[in-house]
């Protein structure tokens, strides 16, 4: 079994894809927009949703995350939550780099610092309210 995060946005998924590409120096494996769905999709997709992302896949090392915008029939709950976070374990340099990019327009929950469990750990909520929990590993390259 493999468990992977799936992030949902309210029209900001394209912007999130670009932010995460920059923060994690990663690549997009796939993007499908609502306009790419079959023409007979029911209910019909409103024009203002057609450029929104129905699914995007970003590579993270040997893993990936998926993300999308909510559809026209769904509403997204409050943006920021501490109930679920995405844990990133990487080298100290990778942690510092990604943390800095996500914090640019986000909110730092815990500044990067040495802890009993990591040589460099911290928490940041990105501009979309996603909680990223960073923990550098000494053995990561």
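Any read-out appearing in this document is the output of simple, stated calculations on the displayed coordinates, not a laboratory observation. Keep in mind that what you see is a predicted model, and the values were worked out from it rather than measured. Cβ atoms come from the backbone with ideal geometry, glycine included; neighbour counts cover every protein chain shown.
Residue check: is residue 111 assigned to a strand (DSSP E or B), more than 17 Å from residue 15 (Cα to Cα) and without any contact (Cβ under 8 Å) to a residue 12 or more places away in the chain? Break it down stepwise before answering.
On the way: assigned to a strand (DSSP E or B): yes; more than 17 Å from residue 15 (Cα to Cα): yes; without any contact (Cβ under 8 Å) to a residue 12 or more places away in the chain: yes.
Answer is yes for this residue.
Any residue at all in the stretch 68-77 that is within 27 Å of residue 109 (Cα to Cα), in contact (Cβ under 8 Å) with a residue 24 or more places away in the chain and under 13 Å from the mean Cα position of the chain (by Cα)?
There is at least one residue in the stretch 68-77 that is within 27 Å of residue 109 (Cα to Cα), in contact (Cβ under 8 Å) with a residue 24 or more places away in the chain and under 13 Å from the mean Cα position of the chain (by Cα).
Which number in (1) within 13 Å of the chain's Cα centre (by Cα); (2) farther than 18 Å from residue 134 by Cβ marks the one condition that residue 88 misses?
Result: residue 88 fails condition (2) only.
Does residue 87 satisfy being surrounded by 16 or more Cβ atoms within 10 Å (Cβ to Cβ) and within 17 Å of residue 21 (Cα to Cα)?
For residue 87, the condition - surrounded by 16 or more Cβ atoms within 10 Å (Cβ to Cβ) and within 17 Å of residue 21 (Cα to Cα) - is not met.
Which residues, counting only those in the stretch 15-57, are assigned to a helix (DSSP H, G or I) and crowded, with 16+ Cβ neighbours inside 10 Å?
16, 17, 19, 20, 23, 24, 34, 49 - these are the residues of the stretch 15-57 that are assigned to a helix (DSSP H, G or I) and crowded, with 16+ Cβ neighbours inside 10 Å.
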